[in-house]
Structure formats: C-alpha cells, structure tokens
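A.B. asks: I have a structure here, written as structure tokens, and I will follow up with some questions on it.
The values are calculated or read from the model by the stated rules, or taken from the named source; none is laboratory data. Here the structure is a predicted model, which is why all the values come from computation and not from measurement. Glycine also receives a Cβ, built like all others from the backbone with ideal geometry; neighbour counts cover every protein chain displayed. Surface areas here come from the heavy atoms of the whole protein model, side chains and all, with no ligands, DNA or RNA. Shrake-Rupley method; radii C 1.70, N 1.55, O 1.52, S 1.80 Å.
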Amino acid sequence: MRSFTGTGLVVTALTATVAALLFPLWSYRDRTGTGAVDLTAGSVATPYGPLSALDRDFVDRVRLAGLWELPAGQQAEQRGTTAGVRRAGEHLVEGHTALDRHVREVADRLGIDLPSRPGAQQRQWLTRLGAAHGDAYDREFTNILRLAHGTVFTVVAQVRATTRNSAVRELADDANTTVLDHIKVLEDTGLVDFDGIAAHTKLQQPPVPTAVPPGIRPPAGFPLPPAATRPAPSPSASSDTSASPGTPTPESPEK
C-alpha cells in the first residue's frame, strides 16, 4: 500500500512537471497565432500573391471612398465660399478619379466584385453636405472629409505593412499618396476642428496601452526603447539664468 502511494505521488509529480513545461508553449502559440489568423483569414491564391480578407476589404474601401468623395469634391468646387475649400474639392476630384481607375484595374486583375454605390454612412454625409450652405458648408465639408480621410489613413498603413499581394501593395502606395495629399489640402483651409476630430477618434477606437503590461515581455530581437530622460544642462547653460522668449524650461514645459 505504501509502495503504491509513493508511485502515485511520483507519477502525479511528473505529470504536473510536463504540464508546466507545455503550458507556456501552448499559450505562446495561442497568442501569436491570433494575429496571424487575422492577417491571413480567408486568403486565396492569386498570381500576385495571397489575397486575404483584409486585402479585399481594403480594395472595397478604396472604391467606396471614390464613390462619395468624388461627388463631394465636385460639389465643393462649385459651392465652396473660400479658395481653400474649392482647392480641396479640386484635389479630391483629381485624386479619386485616378485612384478609382487604379482600384478598378486591381479588382479586375484579382477577380474582385466592387461596390457600385456609397455605403449608408457615406450617403448620410453627402446628404448633410447637400443641406449646408455658406460658411456652414465650408466647415461641414472640411471636417467630414478630414475625419473620413484620417480613418482610412490608418487602414492604408495596416494593409501596406501586412499584405502579401503585390497588386494590393501597389494600390496601397497609391492610396497612401492620395489620402495624405487630401489630408494636407483640407488642413490648409484653416477650418479643421482638430479637437473635435481627436475626440471623435478617441471614442471610436479602443484605448492603446502605453506600457507593456506586467508579466508580458517583448519578443526576442525587439527590445523596448530606453525610457526618455531630459539631458543634463551644460555648465554654461546652468550658469545662465536668463532664457530667450518662448524657450521652454524644466519648470515651464512647452505646451
């Protein structure tokens, strides 16, 4: 009886040891596999490389952007009350005319069926623009379009960084150039409500952790950067108590 009990304890201890050794491998596989599945979900083979669900969604988004931003740009050319707004409208028309031609070519090469009308939210934006006049139109146009471009800008970056399809990669390069140009020309109007856009974006997106949670370590080969520190003042600087206007000091950080 005593021998049987001792053997059972040994077997139990060995089982627990094996489980402890295998658990980190299982949990690591689960964590790293989540991202890989998301990036390759629904992938199909094409002559230009694997085409993922994210790739196809991106192609659709580019087409949808042209379906509503092109008429919005044409409208701004006619109804904008400032030269800046009319110029932004011109850039939208030129940019999306060329980008829509490119996305239709890519869709044809990849066998993707493209949407033929704007989405519900985009139609609502066009309705809002159609009901606005004068200064109110200028502000509605500028901020609606700036918010939309800022949102798609992050999608373009993600696709460009992860796609394995060369045709989609070329489209992402084109879209990145076009969207950034439109963001800049909209901001040049001087009418962008950056506080409102930031608040809206913050409400729409989950919080991003600013530090690595306890117990989580970065993968090997990708160390975290060192903590930022303020450089020590030089002896000549510390002996000079005066400061030029507008220069931030440790006691009064720059806003």
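A.B. asks: Of the conditions (1) under 24 Å from TYR48 (Cβ atoms); (2) open to solvent by less than 80 Å² (accessible area, probe 1.4 Å), ASP108 satisfies every one except a single condition; which number is it?
C.D. replies: Of the numbered conditions (1) under 24 Å from TYR48 (Cβ atoms); (2) open to solvent by less than 80 Å² (accessible area, probe 1.4 Å), the odd one out for ASP108 is (2).
A.B. asks: Of the residues ARG123, ARG117, which single one is assigned to a helix (DSSP H, G or I) and either open to solvent by less than 40 Å² (accessible area, probe 1.4 Å) or at pLDDT 95 or above (or both)?
C.D. replies: Step by step, each of ARG123, ARG117 is checked, and only ARG123 is assigned to a helix (DSSP H, G or I) and either open to solvent by less than 40 Å² (accessible area, probe 1.4 Å) or at pLDDT 95 or above (or both).
A.B. asks: Out of the helices (runs of 4 or more DSSP H) lying entirely within the range 138-255, which hold 3 or more residues that are at pLDDT 55 or above and more than 30 Å from TYR48 (Cβ to Cβ)?
C.D. replies: Working: elements: 166-187, 194-204, 235-239.
Ranges flagged: 166-187, 194-204.
A.B. asks: While we're looking at this one, here's another question. If you take the residues in the range 138-154 that are among the charged types (D, E, K, R) and under 18 Å from VAL93 (Cα atoms), which one is surrounded by the fewest Cβ atoms within 10 Å (Cβ to Cβ)?
C.D. replies: GLU140
A.B. asks: Of the residues that sit in the range 65-87 and are open to solvent by less than 10 Å² (accessible area, probe 1.4 Å) and hydrophobic (A, V, I, L, M, F, W, C), which one is farthest from ALA98 (Cα to Cα)?
C.D. replies: Only one residue tops the list, namely VAL85.
A.B. asks: Okay, next question. Tell me the helices (runs of 4 or more DSSP H) entirely within the range 1-112 that contain at least 1 residues that are touching a Pro at 6+ places or on another chain (Cβ under 9 Å), modelled with pLDDT under 95 and farther than 30 Å from ILE144 by Cα.
C.D. replies: 2-40
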